[in-house]
Amino acid sequence: MTPTPQPVFFWNKWSLNQSYSGSNPSNRPYRQTKFFLFLSIIFSFHFARATATKTLLKYLLSSNRHLPTFSFFSKHQFPSIHFFRHCHSSRLSKPGRSLVSNMAKPFPSPNESKESKDMPPRKMKGFIDIGANLLDPMFNGIYHGKFRHTSDLDLVLKRAFSANPPVSSPNDGMSFEVNHGILESLFITAGTIDEGKESLSLARKLNSEFSSAAWDGNLRNFYSTVGIHPTRCSQELGLGSTDTKESIPPGALNDLKNKLLDVISDGRIDNTLIAIGECGLDYERENFCHRSVQHVGFLAHLDVAEQTGLPLFLHNRNTGQDLLSILQRNREKFPGGAVVHSFDDTLELAMSFIDLGLYLGLNGCSIKTSENLEVVRCLPLDRILLETDCPWCEVKRTHVGYKHIKTDFETRKDKKFEPGYCVKGRNEPCHIVRVAEVIAGVRGISVDEVANSCYENTVRFFGKSMGIKSNDAM
């Protein structure tokens, strides 16, 4: 047993050098300085009761690494702080005696709040990614038409749904339960009728094969949508990219609606298909489809929404007030509501959509600029849904919102693909946590609050089409 040191030990600096400074004499002045700094704090505590002194003393004693040079405070002898209590507590003021008498007790970690000590830890709900393009060739290893590696979709999904996703810098502010992953559910989106069939088939396949711990027994892991992306309306109607609506063959729009209804009828058998989309308007890429064709194509989706009661998954890019105006004139045609996905426009437009009862989907493209962040800060939290739009719309280092990122995933370039790592530049479902971190940072709230609120918003909005019987579901 190590003998109890005597009080004289603290004043014999030569004994200190010989016993505790180690074999390197050059370390001795530094070690003496550290030691006498500690003594000065203790004696200042004897003569003053300043809060700053108490805080500094706690900080120095809270972890062994703050005093690495003295075996007196080493990992194995730290309980010998009782000696210090024995020698000095009788001469300290009441606050000093109270602190020193508890020095042997473990101090809370720097991140531990009073709430976390006095209350049971809050459980964060899993994320629901309302928009993921899992049919994109990137998840089959094809980047810009070039084959780089075999399909790794199974690994991508395991990263999102597994209990312990591989992250290089876990976010200390999160409180995932040990048996749950980042995602609870994911919506596989489609941009054509054929893709709608594929996404429905893939969602069913994954639900039957993929195993993950469910957060909510009411939810499946995978759902799907069917719709025609505005830039692909010409393709679906058999037109050229520059053709206008006058070129649409007679009966083509009715055929389009019937094809959509056939896929929806199949998907509603088991509630796997839950929304109509991606549909809407896109004026930034009119080189793929003339805006007049986009307009009539979108109106066809509104007819289908009126007939089925399903919510809309909307696309809106650089359209000014056009999409809003169409929705305002046809509000009765989508009783199931709508979400404007990948919203990156003005606060004025956002509030106009919200006034119509719509929700807004946010992803990496929604948090690029300072103006974007101001919009995110001002939006009602109960109208925000989360998405990745993967493999697109990642949160990039060049984005203003990146400074709020706390969770980092290790990556490899597509040319140097390595199983188990994310691909650099390819967004993934697991990255949804980073979107939540930016929203939380901008709004000055916890990631837990963002996750829980957006989860509840998603279930409230999509709950009916998901087959969830809830008073909150639409």
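List of remarks:
- Average accessible area per residue (Å²) across the stretch 256-337 - probe 1.4 Å, nucleic acids and ligands excluded: 38 Å²
- Listed peptides 391-402, 305-316 by packing density, highest first (mean Cβ within 10 Å): 305-316, 391-402
- Rounded to the nearest 20 debye, dipole of the stretch 256-404 from Cβ charges on Lys, Arg, Asp, Glu: 160 debye
- For Glu246, the accessible area of its heavy atoms, probed at 1.4 Å with every protein chain present, is near 140 square angstrom.
- Alpha-carbon centroid distance for the pair the stretch 234-299 / the stretch 312-358, whole angstrom: 18 Å
- Accessible surface calculations at 1.4 Å, restricted to protein heavy atoms, place the stretch 349-439 at 40 Å² per residue.
- P(r) of the stretch 353-406 over all Cα-Cα pairs, binned every 5 Å from zero, in whole percent: 4, 19, 28, 26, 15, 6, 2
- Size of electric dipole in the stretch 419-472: Cβ of Lys, Arg +1 and of Asp, Glu -1, about Cα centre, debye, nearest 20: 240 debye
- Under a model in which nothing but the beta-carbon of Lys, Arg (+1) and Asp, Glu (-1) is charged, the stretch 366-474 shows a dipole of about 380 debye around its Cα centre.
- Hits among aspartates and glutamates - C-alpha to C-alpha of Lys403 under 17 Å, sequence gap 8 or more where chains match: Asp172, Glu371, Glu374, Glu394, Glu437
The values are calculated or read from the model by the stated rules, or taken from the named source; none is laboratory data. Not measured: the values here are computed from a predicted model. Because the Cβ atoms are built from the backbone with ideal geometry, glycine has one as well, and the counts that use them run over all protein chains shown. SASA here: full protein model, heavy atoms, side chains in, ligands and nucleic acids out. Shrake-Rupley method; radii C 1.70, N 1.55, O 1.52, S 1.80 Å.
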